[in-house]
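Data first, discussion second: the structure below is written as C-alpha cells.
Bear in mind that the values in this text are calculations on the coordinates, not laboratory data. All of these numbers come straight from a predicted model, not from anything done at the bench. Cβ: placed from backbone, ideal geometry, glycine included. Neighbour counts: every protein chain shown.
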Amino acid sequence: MATEKVYTDYFFDEPAFNTHDGGYIPLVRPDVAENKLNVPEILEPDKETDTDMYYTVVAQEGETQFLPGKKTKTWGYNANYLGKSIVFKNGKHIHVTLKNELPELTTFHWHGLNVPGPITDGGCHAPVYPGESSEIEFTCDQPAATLWLHAHPCPSTAEHVWKGLATGVIVKDDVEAKLPLPRNYGVDDIPVILQDRNFHENNQLDYLADYDPDGVQGPTALINGTVNPYFDVTTQQVRLRLLDGANRREWRLHFSDDLEFTQVASDGGILPSPVHFTHLMLTCAERAEIIVDFGKYKPGDEVTLYTDDVAIMTFKIHEFAHHDLKLPEHLVDIPDPEITPDTPVHQVAMSGMDEMVEMNGKKFDMQRIDDRQKLGNVEVWSIINTNDKDSGMLHPYHMHGTQFRVISRNGHAPYPNEMGLKDTVSVNPGEVVKLKVWFTHLGVFMNHCHIIEHEDGGMMAQFEVFDPDQPKQYKLMDMDTLMNAFAKERGVDRKDLNIPGMDM
Ligand SMILES: [Cu+2]
C-alpha cells in the first residue's frame, strides 16, 4: 500500500464549520478512569428459517453507568443505552416486531435501508404507542453496509436520540464476504458510534436545559456509550464501523503518529476502491468503515484516536500474529446509472440557522408532499446550502428510501471517499451538491438536514415515490394527532408540551 495516494487533509474547504455557530461547545476529555469500550451485543433472531428471519426490537427505559457515581437514566433498543447491533443478510425476508416499552410514542427508522415508505421506513407516520407493538416485514435487498436504526418521531426525534435511541445495523452479503476484510465482530470488526453528551446534576441528561436550535451538544464524548474508552487490539488490522450518531457534532478524526488508515465503505456499502487517509471528517449520520493497521506497534504501545485535538479513544496494543492485508485496488462494482441533459432535476434549498431553518422556503408539514419521483427512474437532485460561507453551518443532507451517488460539489468531483453509495451527504455553506437518485420501493419518504434539531425545527420535506401503474393512497400522520398523543402520555396540557422543535 506504500505507493498508494494518502490524503492528509480533511476534504472540506474550511476546517471546522460547526465552530461557526456561537453556541459551539468544544469537547473536553473527561477526568475519569479509562473504561473498556462497550461493544454492543448482536441481537439474536427470535426464529430463523432458510429464507426468513424474525426479530423483536424493544425501545426501553434503563440506567447506564457513564460516569462514577449515579447512573444516568437512558433509553435504548434491547439495551439500556443505544442498543444491540442488528445484523441482516442480503436476500433474506425480515420480520421485525417493534415494541415500545417507553412511556411515550416513538418510531423506528431504518436509516439507509431500502424499504417501502412511510410505515416500514419508520418516520413520523409510523408511531408505535407506549405499551404497544407493530409488525413490519421486508426483503433485505442491498449490498453489505453499516446502517443504523434510530427514533424519528418528529418533532421529538432529537430528544429521543439524545436519550439513547440509536443502534447499528449491519447488512452482510456474499460480495463483501469474499473480500479480505476483518469481520470477526467484537474482535477485529467493531461498531464505533460517535456521540457527545452533557451530564447535569447526579449525572443526568437534561435535553431541554441543553437545547440549542442549531443542535444540542455536550463536552463529553461517548463512544458506543462509553466515556474515555480503550479497546484491546489483538489483531494487526481492526475494522472500525464509524457512525456519526451525534445530534449535531462533526468529527474530525485522526490518530496519534498520524497513523494512516484506509476507508473501505461509506454509508451504503463497500467503496469501489479503498481510500487512504491520515484525517477523516464525518458529519451527522454519515458512516465510514475504516481499516486501521497497527503493524508497526508492539505490545504495550498505545494509539490514540483524536477529534480535533481532543483524545477520544485509546487502542491498547497486545500480542498479535503479523498478517499483511492485501486489499485489491478494485473492491466492488457500484451501480452508476446514466443521466442525460434531459434527466429531471429536483431542487432542494437548505436555508437558515437557529429557528429560521427551512427547506425550499418552507417548514416541514407531514401532510404535504413536496416532490415526486417515479419508481425506477434515475433523476438528479441538486442540493444547495444557502448559509453564508463565513458564518454558516454545514448541513448534512439525508434522503430516506435510497442509496444515491454523489455527482459533484460546486461542479467539481466529489471527495475521493464519496465514490460509493451514500444516503447522507455534507453540503458546505454556499455549496451545491448534485446527486444521482433512484428508488426501488414505493412510498412517502422524508429528506432533511441530519443536524437533528434542524430536522425537528423544520428543515425537512417529503416526497412520494410513485408508479403510475400502481397508484397508492397514504394515510399521513398529522401534527395534532401526534401532539395530543405526546400531551396525553406526558400527562400535560397540550399548550404546556415542551417540545422545542415544534415551535415552528
Ligand atoms: Cu442543518
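What trypsin sites (Lys or Arg not before Pro) does the stretch 364-421 have in DSSP loop regions with at most 13 other beta carbons within 10 Å?
Arg368
Using Cα pairs under 8 angstrom and six or more residues apart, how large is the relative contact order of the stretch 345-475, in percent? Each step should come with its number before you reach the end.
Values: 306 pairs, mean separation 44.3, N = 131.
Dividing the mean separation by the residue count of the stretch 345-475 yields 34 percent.
Which trypsin sites (Lys or Arg not before Pro) from the stretch 32-78 combine a DSSP loop assignment with at most 14 other Cβ atoms within 10 Å? All intermediate terms of the calculation are to be shown ahead of the outcome.
Values: sites: Lys36, Lys47, Lys70, Lys71, Lys73; in loops: Lys70, Lys71.
Filter output for the stretch 32-78: Lys70.
Tell me, rounded to the nearest percent, the portion of alpha carbon pairs in the stretch 33-174 spaced more than 20 Å apart.
Result: 45 percent of Cα pairs exceed 20 Å.
Simple spin-label model, 7 Å along Cα-to-Cβ: Leu208 to Ala413 in nm?
5.2 nm
Write down the Kirkwood hydrodynamic radius of the chain, to one decimal in angstroms, obtained as one divided by the mean of 1/r over all alpha carbon pairs.
About 22.9 Å for the chain.
Given Cα pairs under 8 Å that are at least 6 residues apart, what percent is the relative contact order of the stretch 9-153?
Relative contact order comes out at 20 percent.
Taking the Cβ-Cβ separation of Leu325 and Lys495 as r and a Förster radius of 51 Å, what is the calculated FRET efficiency to the nearest 0.05?
With R0 = 51 Å, the Cβ-Cβ based efficiency is 0.30.
So in the chain, what percent of DSSP beta bridges are antiparallel if you round to the nearest 5?
Given both bridge residues lie in the chain, the antiparallel proportion sits at roughly 70 percent.
Given 0.36 nm per residue, what is the gain on full extension from Asp50 to Asp258 after removing their alpha carbon distance, in nm?
70.3 nm
In debye to the nearest 20, how big a dipole does the chain give about its Cα centre with +1 on each Lys and Arg Cβ and -1 on each Asp and Glu Cβ?
Once rounded to the nearest 20, the dipole reads 520 debye.
Based on other C-beta atoms within 10 Å, arrange Arg183, Arg197 from fewest to most.
If I rank by nearby Cβ atoms, fewest first, I get Arg183, Arg197.
Report the FRET efficiency, 1/(1 + (r/R0)^6), for Asp9 and Arg372, where r is their Cβ-Cβ distance and R0 is 51 Å, rounded to 0.05.
Plugging the Cβ-Cβ distance into 1/(1 + (r/R0)^6) gives 0.80.
Where the centroid of each part is defined by its Cα atoms, how far is the stretch 19-78 from the stretch 332-346 in Å?
One Cα centre to the other: 38 Å.
In whole Å, what is the distance between the alpha-carbon centres of the stretch 442-482 and the stretch 209-252?
Centre-to-centre (Cα) distance: 29 Å.
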